[in-house]
Amino acid sequence: MFQRTRIRLTILNSLVFIILIGVLATIIYSYVESRLYRDVNTELFAAVERIKQPGPIERPGGLPMGPRDPRIVVLVWNENNEMVNLDRNPTVFTDNQAEFSPKGLNKLQDVQAEGFYFRTIAVKEYLESKEITVQFVRNITSEKDMLSNLLLILVIGCSIGSVCAVGVGFFLAGKALVPIKEAWQKQQEFVSDASHELRTPLAVIQAKTDLLWRSPSSTIQDQAVEISIISKECRRLSKLVVNLLTLARSDSDQLEMEKEEFLLSTLLHEIMEHYSEIAIYQEKTLRLDVSSSISFVGDRERLYQLMVILLDNALKNTNESGEIVVTCSQSVSSILLKVQDNGIGIEEEHISKIFDRFYQVAKSRTTEAGAGLGLSIAKWIIDKHHGKVKVYSEIGKGTSFEIVFPKNRKT
């Protein structure tokens with residue numbers, strides 16, 4: 001799929017580049033041609049104007065005076081369209097009278113003879129009461145040769161440029177497709193991981209349901225274990241679906257933050273009250289260190305969700321008799337929120353990946369395996385509040401999440 005797209009992009013980019021080169025070459029050729037022939041035409045028209053000036057215009061011998069430009073030759077034709085001044089003109093003119101014979105008056109005419117190129121213009125004049133045609137001829141062979149050489153250079157240059165355009169276009173198309181390939185790969189991995197995570201609780205629910213159907217006479221008390229497992233997997237499945245929906249909507253910018261000013265310190269106290277019983281039940285210590293009356297502008301529900309994710313993660317990775325400390329402080333321009341535990345810690349090679357979707361550190365290191373979506377949602381919430389997060393961890397000593405939010409930023 002991507003190879004076809006790359007070829008199409010290469011063709012499109014190359015065509016655009018080739019067209020631009022062709023247009024530029026045409027402009028250059030037309031400009032040079034115009035400049036070269038403009039001087040030639042000016043000289044010929046100046047000769048015509050000079051012969052029309054009042055006063056004596058005859059040379060010795062009764063022929064019209066020639067132009068001042070020595071590169072212009074004067075040919076005189078009689079009423080029968082025969083060249084009169086044969087003895088005064090080079091043989092290239094006398095031997096090719098048919099080619100040089102004026103085909104019209106007061107207009108430029110190009111003539112080719114014996115490998116040379118000429119531009120002419122003819123006018124009617126009267127000499128001794130006889131009508132004659134005076135023709136001015138300018139050799140333009142050098143201009144023609146120059147234009148031919150320029151055309152050759154432009155054709156070769158355009159050909160080389162076209163080949164380069166194809167190569168560069170192929171290279172740039174590959175570069176342009178890199179982020180698309182990465183996004184596609186991530187999407188495929190996301191769908192695959194999501195399918196796997198959804199399949200696991202569904203398989204458990206189906207298996208336990210089949211067991212219940214095999215004992216239709218059993219009471220709820222008899223099947224309490226299987227029913228509790230089904231209930232647990234349903235809750236897990238529901239949470240997973242909610243998290244997947246949150247991430248999908250965040251990717252498409254369908255979720256907006258409802259930001260308002262609230263007391264972050266009050267929110268943290270509420271959350272700690274909810275989690276204190278859980279920590280006691282798990283024989284762990286939960287402690288809050290927060291300055292009073294810390295005001296924050298943000299989405300209160302999302303900040304609540306962020307703290308729930310971080311505390312769940314800390315409780316999950318902290319052994320019995322461990323301690324989890326939540327710290328919140330403020331400065332003039334920022335608010336620092338820290339969640340620190342003295343649990344099992346994270347290996348350094350995993351720290352940069354823990355916010356990736358479905359990424360999980362070895363499940364054997366935790367008492368309860370999750371789906372690997374919580375920290376991805378946490379990172380999204382932090383980014384939406386223009387915050388920065390740093391993770392410090394050491395195996396056997398614990399992990400610390402330090403989040404810095406800009407203060408009173410409403411957008």
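The values are calculated or read from the model by the stated rules, or taken from the named source; none is laboratory data. Not measured: the values here are computed from a predicted model. Cβ placement follows ideal geometry from the backbone for every residue including glycine, while neighbour counts extend to all protein chains displayed. These area figures cover heavy atoms from the full protein model, side chains too; ligands, DNA and RNA do not enter into them. Shrake-Rupley method; radii C 1.70, N 1.55, O 1.52, S 1.80 Å.
Please go through the stretch 169-183 and pick out each residue that is open to solvent by 50 Å² or more (accessible area, probe 1.4 Å) and either outside any helix (DSSP H, G or I) or in contact (Cβ under 8 Å) with a residue 40 or more places away in the chain (or both). Don't jump to the end; show me each part of the working.
Just the residues of the stretch 169-183 that are open to solvent by 50 Å² or more (accessible area, probe 1.4 Å), to begin with: 170-172, 175-176, 178-183.
Phe170, Leu172, Ala176, Ile180, Lys181, listed by residue number.
For Leu147, state whether it is surrounded by 16 or more Cβ atoms within 10 Å (Cβ to Cβ) and modelled with pLDDT of 90 or more. Yes, satisfied. I'm trying to understand the selection: among the residues of the stretch 269-298, which are open to solvent by less than 30 Å² (accessible area, probe 1.4 Å), under 23 Å from Ile344 (Cα atoms) and in a helix (DSSP H, G or I)? Correct list: Met272, Tyr275, Ala279.
Filtering the stretch 133-168 to residues that are touching a residue at least 60 places away in the same chain (Cβ under 8 Å) and part of a strand (DSSP E or B) leaves Val134, Gln135, Phe136, Val137, Arg138, Asn139.
Please enumerate the residues belonging to the stretch 213-238 that are free of Cβ contacts under 8 Å to residues at least 24 places away in the same chain, within 26 Å of Ala378 (Cα to Cα) and either charged (D, E, K, R) or in contact with a strand residue (DSSP E or B) (Cβ under 7 Å, 6 or more places away or on another chain) (or both). Passing the criteria: Lys232, Arg235.
Looking at the stretch 253-261, is at least one residue open to solvent by 80 Å² or more (accessible area, probe 1.4 Å), free of Cβ contacts under 8 Å to residues at least 12 places away in the same chain and at negative phi?
Of the residues in the stretch 253-261, the ones open to solvent by 80 Å² or more (accessible area, probe 1.4 Å) are 253-254, 256, 258, 260-261.
Remaining after also requiring free of Cβ contacts under 8 Å to residues at least 12 places away in the same chain: 253-254, 256.
Going one step further and asking which of them are at negative phi, we end up with 254, 256.
Scanning the stretch 253-261, I find at least one residue that is open to solvent by 80 Å² or more (accessible area, probe 1.4 Å), free of Cβ contacts under 8 Å to residues at least 12 places away in the same chain and at negative phi, so the answer is yes.
A Cβ distance below 7 Å, combined with a sequence gap of six or more or placement on separate chains, defines the contacts here; from the stretch 104-116, residues that are within 20 Å of Thr133 (Cβ to Cβ) reach residues that are surrounded by 11 or more Cβ atoms within 10 Å (Cβ to Cβ) and of a type in the set (Gly, Ala, Ser) in the pairs Leu105/Ala122. Checking each residue in the stretch 379-403 for being of a type in the set (S, T, N, Q) and either on the phi > 0 side of the Ramachandran plot or open to solvent by 30 Å² or more (accessible area, probe 1.4 Å) (or both) picks out only Ser393. For the stretch 100-120, a residue qualifies if it is within 20 Å of Ala47 (Cβ to Cβ) and open to solvent by 80 Å² or more (accessible area, probe 1.4 Å), and the qualifying residues are Lys103, Asn106, Lys107, Asp110, Phe116. Taking the criterion of being modelled with pLDDT of 80 or more, β-branched (Val, Ile, Thr) and in a loop (DSSP other than H, G, I, E, B), the only residue of the stretch 355-402 that qualifies is Ile395.
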